[in-house]
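Some notes on the structure that comes next.
The values are calculated or read from the model by the stated rules, or taken from the named source; none is laboratory data. As the structure is a prediction and not an experimental result, all values here were calculated from the model. As a convention, Cβ positions derive from the backbone with ideal geometry for all residues, glycine included, and neighbour counts pool all protein chains shown. The protein model used for the area step is the full one, side chains on, heavy atoms only, and it has no ligands, DNA or RNA in it. Shrake-Rupley method; radii C 1.70, N 1.55, O 1.52, S 1.80 Å.
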Amino acid sequence: MAFRNFKMVGYVVYGRGSFNQLDEIIAPHRKENRPMVFLVDHFFSAESGGNGKPLINRIPVRGNDKVIFVDVTYEPKTTYVDKLAQQLKDEFGTVSGVIGIGGGSTMDLAKAVSLMMKNPGSSADYQGWDLVQHAGVYKAGIPTLSGTGAEVSRTTVLTGPTKKLGMNSDFTPFDQIILDPELTANAPANQRFYTGMDCYIHCIESLEGTYLNEFSKSYGEKALQLCRDVFVHSSEWTNDCDDKLMMASYAGGMSIAYSQVGVAHAVSYGLSYLLGTKHGIGNCIVMNHLEEYYPEGVKEFKHMVEKNKIEIPVGICNGLSDNDFEKMINVSLGMKPLWENALGKDWEKIMTREKLRKLFEKL
Ligand code: NAD
Ligand code: ZN
């Protein structure tokens, strides 16, 4: 058996206000006449960030640096990554680095654009495992939502012409992440819950999976405890909750890095491919119906939904055609490691197409 030699993020800074160190952190990575490019979640184009000061005014723009607000209305597409990388190549030739400031979508865009500054062709050519040939330009990630674990992962999830699949590679993790819980303070309760539940579900799928080992367990148990502190035991949302959820996301990401996700993610990928359902909410829609696979986790999930007064959409597959169901089933069953982790080596006997169709029909 070969053990995974896991490439981690280069540098991590954590703490309230740590965003203020961005200028000094990136200074050594600036190359003459080559700009730093800040890809910023479009949410921050008008709204205010932490400290009551607009985040945008706190970005350390120097020389020919460029700030690009990225549109994350839809999850990142390979066409969008290619367009951004081409725009930078046309304007500057190359750049010193790419800094992603936003939720999982923005961080994924930053990772992918960094890689495409140094790898030829389209990002769609690299959707898969270990297809990326060259390190990208310097890249840093700064989350403004907590839960996806995109800040620590070796992937960047992209929807391409034929599949939704990440650029998984040892070149993909960030060189630097800045974890400043002040930046998540403005997130609306629903969005915060959906993204936070991504982390909760990572923990359940990792801890209940057959790939579990002490590495994943150590991080997964801690992340789960932090999720519970925030969504079960807290009577109101406080700074402490932002601090905890940011570390939960990190630890949850570390947990799945050395194990795998499971049924909720495999099914949610099908929804997202066909219907464009976003990752966090899609996972919640599926988790709501997974008693058979994660009885304790689903019970607690439902309790958190109720306690935090969140609406989980139902009936999203009503009226779909047989062809639509087939497409979702194909995408979902294509996620083989997820199923194997969840159900064991004989998963194909357990999760038949008929059974999966019934599950999709319930959503
Ligand atoms: P997101 O990045 O898609 O953002 C969701 C919404 O929240 C957007 O409208 C955004 O503008 C807004 N937003 C961001 N920060 C905000 C803030 N502080 N206050 C208010 N609004 C804010 O959401 P997400 O759940 O963080 O990320 C989901 C994405 O992450 C998906 O594209 C998914 O594929 C990806 N993902 C990647 C990995 C990975 O390992 N690379 C893992 C899980 C998910
Ligand atoms: Zn996830």
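Can you confirm whether F19 is in a helix (DSSP H, G or I), open to solvent by less than 70 Å² (accessible area, probe 1.4 Å), at pLDDT 95 or above and aromatic (F, W, Y)?
On the way: in a helix (DSSP H, G or I): yes; open to solvent by less than 70 Å² (accessible area, probe 1.4 Å): yes; at pLDDT 95 or above: yes; aromatic (F, W, Y): yes.
Here the answer is yes, as F19 does meet what is asked.
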- Within segment 298-324, the residues that are within 25 Å of the chain's Cα centre (by Cα) and in a helix (DSSP H, G or I) are V298, K299, E300, F301, K302, H303, M304, V305, E306, K307
- Item | Test set (1) open to solvent by 50 Å² or more (accessible area, probe 1.4 Å); (2) assigned to a helix (DSSP H, G or I); (3) not aliphatic (A, V, I, L, M) - K345 fails condition number | (2)
- Note on the structure: Exactly one of L224, L179 is under 22 Å from V12 (Cα atoms), modelled with pLDDT of 95 or more, in contact with a Pro (Cβ under 8 Å, 6 or more places away or on another chain) and more than 14 Å from ligand 2 (Cβ to nearest atom), and that residue is L179
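What do you reckon, is L109 touching a Lys or Arg at 6+ places or on another chain (Cβ under 9 Å) and closer than 24 Å to P173 by Cβ? Explain how you work it out, then say what you get.
On the way: touching a Lys or Arg at 6+ places or on another chain (Cβ under 9 Å): no; closer than 24 Å to P173 by Cβ: yes.
In short, no.
Looking at segment 281-299 only, could you name the residues that are within 15 Å of ligand 1 (Cβ to nearest atom) and open to solvent by 10 Å² or more (accessible area, probe 1.4 Å)?
Quick first cut of segment 281-299, residues within 15 Å of ligand 1 (Cβ to nearest atom) only: 281-287.
I281, the sole residue that qualifies.
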- Item | Matching residues, segment 22-34, being of a type in the set (K, R) and open to solvent by less than 80 Å² (accessible area, probe 1.4 Å) | R30
- Query: Name the residues in segment 160-194 that are open to solvent by less than 40 Å² (accessible area, probe 1.4 Å) and of a type in the set (S, T, N, Q), would you?
  - Reply: N168, S169, T172, Q176, T184
- Query: Among the residues of segment 268-288, is there at least one that is within 14 Å of ligand 2 (Cβ to nearest atom), of a type in the set (G, A, S), under 23 Å from L165 (Cβ atoms) and part of a loop (DSSP other than H, G, I, E, B)?
  - Reply: no
- Just give me the residues in segment 229-251 being open to solvent by less than 40 Å² (accessible area, probe 1.4 Å) and of a type in the set (S, T, Y), in sequence order. S234, S249
- Message: Consider segment 208-228. How many of its residues are closer than 20 Å to S146 by Cα, more than 14 Å from ligand 1 (Cβ to nearest atom) and open to solvent by less than 40 Å² (accessible area, probe 1.4 Å)?
- Response: 5
- Task: Being open to solvent by 10 Å² or more (accessible area, probe 1.4 Å) and part of a strand (DSSP E or B) is the filter; apply it to segment 120-154 and report the residue that is nearest to ligand 2 (Cβ to nearest atom).
- Result: W129
